[in-house]
Structures are given as C-alpha cells and as structure tokens.
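We did not get these values from a lab; they are worked out from the coordinates using the rules stated. What you see is a predicted model, and the numbers here were worked out from it, not measured in a lab. Virtual Cβ from ideal backbone geometry, glycine too; neighbours counted across all protein chains shown.
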C-alpha cells in the first residue's frame, strides 16, 4: 500500500489504464448500488421464503396435525363404542354415537384428503391412505359382524352371537385399531417435526437476513473508504462523515443521527440516501429483533407504500401474530377443558359443593365478574310445572332469586332453558343485573347464558356477566364445558336418587319380610298341591279359594295371554272379564323390561318374584309383590302360567 503521507515524486510511473475521479466515483457508486440491490434482492427472497414457510405452517401443517389428532380420537371412540355395543344391551347412546361416526366419516375423510393433497411428503400421504383403508375395513367389520347381527334384545341372549362378536373384536378389530393408532402416531410425529422444522427455518431465515445485511453493509463501507481515498482532495469532509457512518455499520453498530451541512449536489444526495439507509436498517433491525423474540405487537412504519422489505416484514409479523394468537386460544381452551374435566370428575359427589366449585372456577377462568348456576329441580309430582333454582353464585345478587323460581321461558334464563340455545348479549338492560363492589355498582358490558345440555336434555343454565365482551372462542369454550357440567349434574342426581331409593327399599324390605316369607310358603304349597292333585283335590280347592280371596290371581296361556283372573283382580284393575281375557300380560304392568325378564325366566322353568307397579284402567299406580311360576301337567310339560299378586300399596302409603 502506498503511504498517503509520502511526498509525490516528480516523475510518475505511467500506467496502461487510468480512471478519472468522476469515473472512479461513478464506479464506486455503481458498486454500492450493486450491493444495495443485492441486499434488497436477498432480503426479498428471504422474506418470500419466510412467508411461504409461515403460510404452509398455518394452512397445511397445523390443520393437518389437528385433524390427525381428531382422527385418532375418532378411532378410539369407535373402538369403545364397539365394545359397548357388544357388552351392554341398553347402551342406546353409544350405539347412536357409533352410527354417527359411520355417517360423519366420509365428510371427515374429504376434509383430511384436501389437506393431504397439499403434503410435500408423498410417503406420508401413502401412509394416510393406508390408514383410510384400514379404518374403512374396520368400519366394514363393525357394520357387518356386529351392528347388523346384534340388533334386537334377543341377540344379546344368544351366547353364540355375542361370543362370535367378542372373538371378532379380539382377533380383527383390536389388531386393526392398534395398527391405525400406530400409523396415526407416526403421521402426527412427522407433522410435529415439520412444524418444528418450519419454525427453525423461519428463525434461521431471519438470522441469515440480519447477517446478510451486515455483510453487505461492510462491503459498502469498504467501497466507500476506497472512494474516500480516491477523492479525498475534493470531497474530504463529506466523505469523512459518510465514512464514519459506514465504519460503524461495518462493526455492526448503527450510528446515531447527526447533522452535517451538505451541499445540494450529488454527494449531498448520497449522504441523504445513506442517512435513510441507516434509519431504515435501524428500524428494520429493531423490528426483526422484536419478531425474533416473539413480540408481535412491535410497531414498524415502512419507508413508503412501495417499500417491499418493510411491507414484507409487516406481512410476516401479522401472519406470525395470527398463528401465535390462535395457538394461545387453542391452548387456553384445551387447558380449560382438561381442568374442568378433572374438577367435575373428582368432586361429582355432592351437588351443592360441585356447583360452588364449578361457578367459582369458571368465573375466574374466563375472567368474568359475576356468575350464577341454575339447576332444574326434580319434581315428585310429574304434573307440576318444572322450574330452576339458583344453587350457586359468584359475586351475584342472590336476593333476586331467593324466593323466585325460574320457569321455562321466564326471562332470558328461562328462554335459554326453553330453546336449549346460547344467549350472548352485549347490550344489557339497566334493570336486569348489575356488578356491585364496595365502591359502587355498574351494568356489565357482556352477558352470556349457556344451557347445560346433555343428549338434548337441559339440566340447568350457567349465566356469566362481565365488564369485558366475551370473545367467540370464550363462548365456544363455555358451550363445550357445559356438556361436561351437565353430565356431572346428571351423575350426582342419579347417585342421590339411587341412595334415596335404596334407603326406601331397605325400609320396605324390613316391613314386608314376614309377608314375603308367607307368600313364598304359599307358592311352595301351591306347587306341592299341583304335584299331588289327585291325592289332595279337596285341600287344593280350599287353598285356591283362600288365594282367590287374599291375592290377585292371573292365569295365562303359554304365550302369556290372560285366560282368567279372579274377581279381586278385576276390581283392582277396573276391567271387565271380557276385557281381561286375551290381553297380553305386559299390558297389566308398568315396566315392560321387567315383564320381559319375568317371561324369560318362566319360559325356562324358573320361578319369578319382584315388586312391580300395576296399570289400572284409570291409570292409577298400584304396587304389588309378584310371585309367578309355570304350572306343568302330569307329563312335565308347561300347561299354563300362574301369577299371584299381593297388593302392598297400603304399606307404601304408610312408609310415605
């Protein structure tokens, strides 16, 4: 390098080619422009790739992962409902759920196939096709071997049918289920890796953009320094200032703003452009750093409407912010569903305590200010109009409902109960509800009333009030947990009702134990009398007359059609002899299922004893103790069936 402080000699070595100052400046600026264009080009490419990564993650990868999880849940539910179909003859809800899975599967498959068509991993797409094939094969086995063969009540009594169905579940359905779950886990794992790789590629893209900007800035500084030494005698001070700017850029430091009296010439324009570049790089660097840290609320103003780099950064920020917000809402809803599912599962023993836990936790979780839980009351008299009571509240004016019952269609709460639909209001009447504190009271901005509905039956209503407007995802969340709350309430009510019935049954059993023993002895005597008819015909006649006077006696043929009934039976049932003769025995009793069970036992030659309600002609309910047996002839063949009914409604009245 030539020492610039050395004095020049009189004779200079001639060179073959020299450039004038203007030409060198022109060449230097040409190089700078090349670097700037390269920076913009590489930045645009990087941002375009980043936008493509973000778009693919938002439109394909994340929805695909979500649908794969839903598919896995669908397969698990299908297996559970299949087992329930075989093992439980009364699980109509599970059967309907399995049928619904079969009906909804084509639509679900079409949605997943649309996402599959956008997958870049063709091997993974083939794996999903195999999952479709296996699941459709599983559904075919379910429908042909189980759903079509185990339909009626008698099918469950057929041990061969149920055994074959169980064997099919163990040998065909379970292996297919495990294979499908394994394939879905493989796809979900790969999609999760794709999501992680997309995020990593996006971060690397931003880092590469920063590094490229610094490298090009350093190169620009080098060119600027060369131009300075070439043109130092004419433009020393302006070039020194510009040089100091680019020196700082070369070290990765963005210079602070300083004023310098440039002339309005080409150098001044260059300095002005350099200042804009520095400011633009400063804002771009700060904005890119905020995005890298996940601060999607950072503000940024492009240099102009045509600022490609700035507008691309804004678009990338908006896309990332949208994805982050959707992830936050999804995680919030998932966490809340798990939390309340665990809450109602562990505490579903006492209705009052359960209600307090639900409403207090729900108000806090959705950041509401007030909340109330209304539950439909169980009525002993079915003719009374049903109503709801406020069983638990949070920061609520409970005096409003202290002595008031909420009936169907009564106000907004009763309307939500009647229609079974959510009511969301943002304009609240002044006299409807107010949020009160020690400093005063005010009307809420948003009111949310959600029915607690399970299998189209409303068990209650939850009402929330807040100063903040409930977002759509918050409303959806409350609607989702409403079904869980309804299920817990139904479970607690069933438990309480069962305990109450058990207590009543225990008391009734103690009082009727002696009478039941007497009835059993009568049946044994009747059977003995039947077997020794020829030897004790007179004694049998006396016993029959006694039974005719003290019990309701009904005889049926082998098809369980009534052939005769004593006068006491006709009086209790309020039927004439002609009306009773030929009537099916199940029309006499209230419980069809219990009569079917009795007929099954009697057909097999067993005796039957149970408490049942009679259906009279005037629809009165009479509780009787039923003892029934098959009467055989001398050849041992069933000739007819005998039902002895002891009226115990008087005992029930005394207990009540």
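At-a-glance table
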read-out: Spin-label pair residue 455/residue 92, simplified geometry with 7 Å Cα→Cβ offset, distance in nm; value: 0.8 nm
read-out: Span from the the range 104-125 Cα centroid across to the the range 467-484 one, whole angstrom; value: 30 Å
read-out: At 0.692 mPa s and 37 °C, Stokes D of the range 39-184 from Kirkwood alpha-carbon radius, µm² per second; value: 188 µm²/s
read-out: Approximate spin-label separation residue 338-residue 561, in nm, with each point projected 7 Å along Cα-to-Cβ; value: 6.4 nm
read-out: Computed E for residue 44/residue 118 - FRET, C-beta separation, R0 25 angstrom, nearest 0.05; value: 0.55
read-out: Projected label distance in nm at residue 251 and residue 480, using a 7 Å step from Cα toward the beta-carbon; value: 5.4 nm
read-out: Additional length obtainable on full extension of the chain from residue 581 to residue 164, 0.36 nm per residue less Cα span; value: 145.9 nm
read-out: Residues residue 329 and residue 286, FRET efficiency given R0 of 30 Å [Cβ-Cβ distance, rounded to 0.05]; value: 0.60
read-out: Mean projected area in nm² (Cα convex hull; one quarter of hull surface) for the range 551-655; value: 6.6 nm²
read-out: Neighbour-count order for 358, 214, fewest beta carbons within 10 angstrom listed first; value: 214, 358
read-out: Two-decimal Rg to Rh for the range 127-208 - Kirkwood Rh, Cα set; value: 1.34
read-out: Order of 556, 550 - criterion: other Cβ atoms within 10 Å of each residue's Cβ, fewest first; value: 550, 556
read-out: Exposure proxy ranking, count of Cβ atoms within 10 Å, fewest first, for 473, 394; value: 473, 394
